[in-house]
Amino acid sequence: MNNLTLFLLGLIFINIPACLSADKQCFSKTLTPSYPCCKGDKVIYTDKNGDWGVENGEWCGIGGVSSDTCFSVAMGYPCCKSNKVVYTDESGEWGIENNEWCGIGDGLDSCFSIAQGYPCCQSCKIKYTDESGKWGVEDGKWCGIKDSCSKNVEDIIQGDPDFDFSFLKLENNKENMLYSPLSIKYALRMLLEGAEGNTYTELIKLIGNEELNPYTNIDKVLSLANGLFIRDTYYTCIRPEYIDTLKEKYNADVVKDEFKSAYNANKWIEKNTLGIIKNMLNDNIVQNPETIMLLINALAIEMEWYSPFNCNYTSGTTFYTEDDDETIEATMMSRVTGDNSLSYSINDDVTVVTMDLNKYGSTQFEFMAIMPTKENLSTFIEKVTKETINEIDKNLIFASEKPYGVDITIPKFKFSYDLGLKKDLKNLGINDTFERNEANLSKMENPEELKQNLFVSDILHKADIEFTEKGVKAAAVTVVVILPGSAGPSNKKTPLYITIDRPFMFIIRDKNTKDIWFTGTVYKPNLWKDDQESYIARRY
């Protein structure tokens, strides 16, 4: 706690009469402003100055500064008794007392949030900033960004804040759509590691270089994997340093492959999408003698609802199409929820509902449906931004706040989607990467073995989703194909009814970090005529 904070706190408390602590000596009397010594020894808070208590409504110091309360002890220097800083280096803040260097505080690895009961983050990934400081999220819990991160802040580039929704706008064709912003980011970040010059500049402007949140795979529930498949005859053409970077930073599987067929890559993709995406690649992609390597990200979830839907309440219900010129009978699921696993927001413009999926350890995802009511979905998509979602989040209300809960009706859907990712990225400013004579991927090229530059010939993205009474199954794959250059190798006693009965946008995200794993649109849900027979058989 710094002096200013203590001074401000002191203004709102009643002063302790000086005579009560006149005979005590402690570190807090040496501060400016000074604070009395505690009569007792109950520690409320500890900062770089020492241990603090509160007596009679005022902060007070407990004892002197112990020899083990600052970073410099480990370096052979004592702790300062005052907090006058005369020098700062990478270790922390230093003072001089008795003509000797002494340390002040815990060093640059400390953070503001400890005073508020939150730990320091291990990474420098910033999720939120308020008047206290910069916050991150780790293991599903808030944590404070360490002071040491500030020295690297100039190196952090944010990228396009609306990247996650860029492809919704570029392929806004009034059809069911699905992709994974996170998968695309991982693939492009692995590509960025090998880029230099204008190729690097174009990529980093779009995706930035902030640390991506790590995820631990959960058997049969969650999978995220990165892979580097290299043609065996070209393995030495790739810099060992680049390979090591992908292993260390992205936990990438590195596979030396003969590229006789796509079988090995497809099996890797199938395994790492929980069996959801099969035969992603055609043989001709890897059999092309120019194909040197594939950068792949694969991710998937198969999660059950926190509160599942009952199949007995699934039925055929009217669903309105984009322009209200026709209706269809869609397969609609219904349930009543009265706890905090469902939240909603309803205003003149949109109806929003979020539903929690089960919590697995410290990981929990949620599904958000956003149904525009004043304008059609394709018009809403043109304007949606990260700030739009942030505003929606602020206005969400828990179902538990309605006396009789919320009765949600939402359609089932199942579909796959192939994103035109190469064309979309070009529209977003990624051009040099795809040009034989312009691409600069020199940080992945071994100049002693490969005399020509590398470039990206194609980048593919496929996603698949199934949304049912039980839960959500979704997967996505991004594949970067790399070749050599041109030469060489209400108050009523009823629940609140929410019905998603017209086209809507959806997001599937980590409930804690807000990472968007999947986003898409639903214009055509499952038809009741196709599903009805299976439900009748199930019930009777």
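Before moving on, here are some points about what is shown:
- From the options GLU391, GLU375, GLU387, residue that is farther than 27 Å from SER223 by Cβ, at pLDDT below 95 and assigned to a loop (DSSP other than H, G, I, E, B): GLU375
- Sub-9 Å Cβ pairs linking a first residue in segment 203-217 that is over 14 Å from LEU425 (Cα atoms) to a second residue that is among the aromatic types (Phe, Trp, Tyr), at least 6 apart or interchain, are GLY208/PHE163; LEU212/TYR186; LEU212/TYR250, ordered by first then second residue.
- Filtering segment 314-353 to residues that are under 33 Å from the mean Cα position of the chain (by Cα), surrounded by fewer than 22 Cβ atoms within 10 Å (Cβ to Cβ) and either hydroxyl-bearing (Ser, Thr, Tyr) or part of a loop (DSSP other than H, G, I, E, B) (or both) leaves THR321, GLU322, SER334, GLY338, ASP339, ASN340, SER341, SER345, ASN347, ASP348, ASP349, THR351.
- Test result for ILE285, closer than 24 Å to ARG436 by Cα and buried (at least 18 other Cβ atoms within 10 Å of the Cβ): yes
- Number of positions in segment 228-260 that are outside any strand (DSSP E or B), in contact with a strand residue (DSSP E or B) (Cβ under 9 Å, 6 or more places away or on another chain), of a type outside the set (A, V, I, L, M, F, W, C) and more than 30 Å from VAL137 (Cα to Cα): 5
- Restricting segment 495-532 to residues that are among the charged types (D, E, K, R) and open to solvent by 40 Å² or more (accessible area, probe 1.4 Å), the residue that is farthest from the chain's Cα centre (by Cα) is LYS529.
- Among the candidates CYS124, CYS120, the residue that is surrounded by 16 or more Cβ atoms within 10 Å (Cβ to Cβ) and modelled with pLDDT under 75 is uniquely CYS124.
- Residue match in segment 451-458 (condition: at pLDDT below 95, over 21 Å from LEU281 (Cα atoms) and surrounded by fewer than 18 Cβ atoms within 10 Å (Cβ to Cβ)): yes
- Residue within segment 358-372 that is hydroxyl-bearing (Ser, Thr, Tyr) and under 29 Å from ASN172 (Cα atoms) present: no
- Selection count, segment 169-190, where residues are hydrophobic (A, V, I, L, M, F, W, C) and in contact with a Ser or Thr (Cβ under 7 Å, 6 or more places away or on another chain): 3
- Given (1) under 30 Å from ASP501 (Cα atoms); (2) assigned by the TED database to the domain that holds TYR215; (3) in a loop (DSSP other than H, G, I, E, B); (4) not small (Gly, Ala, Ser), number of the condition GLU290 does not satisfy: (1)
For (1) outside any strand (DSSP E or B); (2) out of contact with any Gly (no Cβ under 6 Å at 6 or more places or on another chain); (3) open to solvent by 40 Å² or more (accessible area, probe 1.4 Å), each residue gets a yes or a no:
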residue	(1), (2), (3)
PRO214	yes, yes, yes
ASN226	no, yes, no
ASN266	yes, yes, no
MET280	yes, yes, no
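- Test: residue in segment 294-313 that is under 30 Å from ASP530 (Cα atoms), polar (S, T, N, Q) and assigned to a strand (DSSP E or B): no
- Candidate set: segment 398-442, residues that are polar (S, T, N, Q) and assigned to a loop (DSSP other than H, G, I, E, B); chosen: the one surrounded by the most Cβ atoms within 10 Å (Cβ to Cβ): ASN440
- Of everything in segment 163-202 that is in contact with a Gly (Cβ under 9 Å, 6 or more places away or on another chain) and open to solvent by less than 10 Å² (accessible area, probe 1.4 Å), the residue that is nearest to THR321 (Cα to Cα) is MET177.
The values are calculated or read from the model by the stated rules, or taken from the named source; none is laboratory data. The structure presented is a predicted model; accordingly, all values stated were derived computationally and were not measured. When we count neighbours, we look across all protein chains shown, and the Cβ atoms used for this are built from the backbone with ideal geometry, even at glycine. These accessible areas exclude ligands, DNA and RNA; they are computed on the full protein's heavy atoms, side chains included. Shrake-Rupley method; radii C 1.70, N 1.55, O 1.52, S 1.80 Å.
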